[in-house]
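What follows draws every value from the coordinates through simple rules; no lab data is involved. The model shown is predicted, which means the values in this text are computed figures rather than measured ones. Positions of Cβ are backbone-derived with ideal geometry, glycine not excepted, and every protein chain shown enters the neighbour counts.
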Ligand code: C2E
Ligand code: MG
Ligand code: MG
């Protein structure tokens, strides 16, 4: 394989048009990736050719680079493209790789020679280790998330081999390490379940199967309700109640989470509008805004259409966003948030401390509230007050106050945690100590009880 990035350059220089291309040149363009010059997914797909089972055995590997967007954001597209090319070169050098390609973005695939899992694991460990740093900064570690379909499964399920490898890949959820996940049949059941959820989503919305629970947020001093977070539940086929952990990530990774978020926002608006009609005092309710929705150009209009239809004051709706480096376009995300904030909506940064762009986002993100993640609150019980975790927790609360944000702690379950948080200067608590998420009617009762 030769890397012919030169090809399109010379073609442009000669000022030729598409009609002048030879058949070979058209094939080249069809089967190669413009950025790296390496094979593309179309080439791999033709090699896999599910209609014609192979007369040789092979395994299939799919991987991506963890937090690749961070490299784009911090070092720019040129460096990011060099990383992609480095990976392609490295695939091309392996004598155990039958065929490789760059699928799209930072996704790569390899058909690999048949061997036992142990050998393949060792080969892949070495493979990723050799490309584990940024060419322009050897101190910047690169990590990969890799899914592997072993030989038998690859042969049996040639038509879904890439889906299975991607499914295995998605099971890798850790930070700061390369993960190689081998596909297992349990995962296959999981993919079936995911497909079932996805294909049923529209009907579930029509059947009104999504239910909104509210978890009250309490003022840490007065111990009175100051608002709530809307947390979705799915009364799946009206047979069993599913928690968000069972389905949110499925909808997020398939870019349909907006449909659920929109249902939740609408239900919250209807609830607030009922309260308004009955003369019950309103407190802000927060809804989770999946970061994948930031790419939707009509998001602001969609939100406004719902909230204004029910004539809900904008400051009664808060949007919770998780901090993450993975925004494909950080600037437009920040722009959208400031527009929402200018319109009077409240913005809070959810699960603070779990991502790792926290500090820079804190500086740039237009926001009102910082939600300290439950993992810090847990450490009050498991570590001493002088432990690193507790010191960090106190500093986060201090920092948030100094920057003028309201600080709320998530997941406090005991009096000891609440007392610690109060002493550290935290403003509000959302946790089982005061209340679990409850149906809307029960939230109303709690407000009435004062
Ligand atoms: P989150 O936004 O961080 O919500 C807080 C989660 O922590 C909720 O879990 C809540 O029940 C749980 N929690 C609160 N206090 C305590 C406590 O004291 N102890 C324990 N053990 N847990 C506590 P839940 O309802 O299962 O939601 C999980 C996640 O699912 C949410 O995390 C949010 O990221 C996502 N989610 C929920 N509803 C929606 C939604 O409508 N749209 C989107 N996009 N995501 C949602
Ligand atoms: Mg939240
Ligand atoms: Mg949270």
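Brief remarks follow.
- Principal-axis tilt of helix 440-449 within the chain, Cα atoms, nearest 10 degrees: 30 degrees
- Value of [θ]222 nm, deg cm²/dmol, for the chain, DSSP H segments ≥ 4, -39500 (n - 2.57) each, nearest 500: -14000 deg cm²/dmol
- Extension gain, residue 119 to residue 391, is 93.4 nm, computed as 0.36 nm per intervening residue step minus the present C-alpha separation.
- With a Förster radius of 56 Å applied to the beta-carbon distance between residue 222 and residue 56, the computed FRET efficiency rounds to 0.20.
- When you count the other C-beta atoms within 10 angstrom of each residue and take the mean per peptide, 297-303, 403-409 line up highest first as 403-409, 297-303.
- When region 182-242 is reduced to its Cα atoms, the Kirkwood hydrodynamic radius in Å: 14.3 Å
- To the nearest ten degrees, helix 161-170 and the longest principal axis of the Cα atoms of the chain are 40 degrees apart.
- Diffusion of region 32-183 by Stokes-Einstein, at 10 °C in a medium of 1.306 mPa s and with Rh set to the Kirkwood radius over alpha-carbon pairs, works out to 102 µm²/s.
- When Rg and Dmax are taken over the Cα atoms of region 199-273, they come to 14.1, 47 Å.
- For the chain, the longest principal axis of the C-alpha atoms and the axis of helix 244-253 are separated by about 50°.
- A protection proxy built from the mean count of other Cβ atoms within 10 Å ranks the segments 308-320, 238-250, most packed first, as 308-320, 238-250.
- Each principal axis of the Cα cloud of region 239-393 was evaluated for its coordinate range; sorted largest first, these ranges are 50, 38, 37 Å.
- Ranked by the mean number of other Cβ atoms within 10 Å per residue, highest first, peptides 163-169, 396-402, 32-38 order as 163-169, 32-38, 396-402.
- Fraction of the pair-distance distribution of the chain above 37 Å, Cα-Cα pairs, percent: 38 percent
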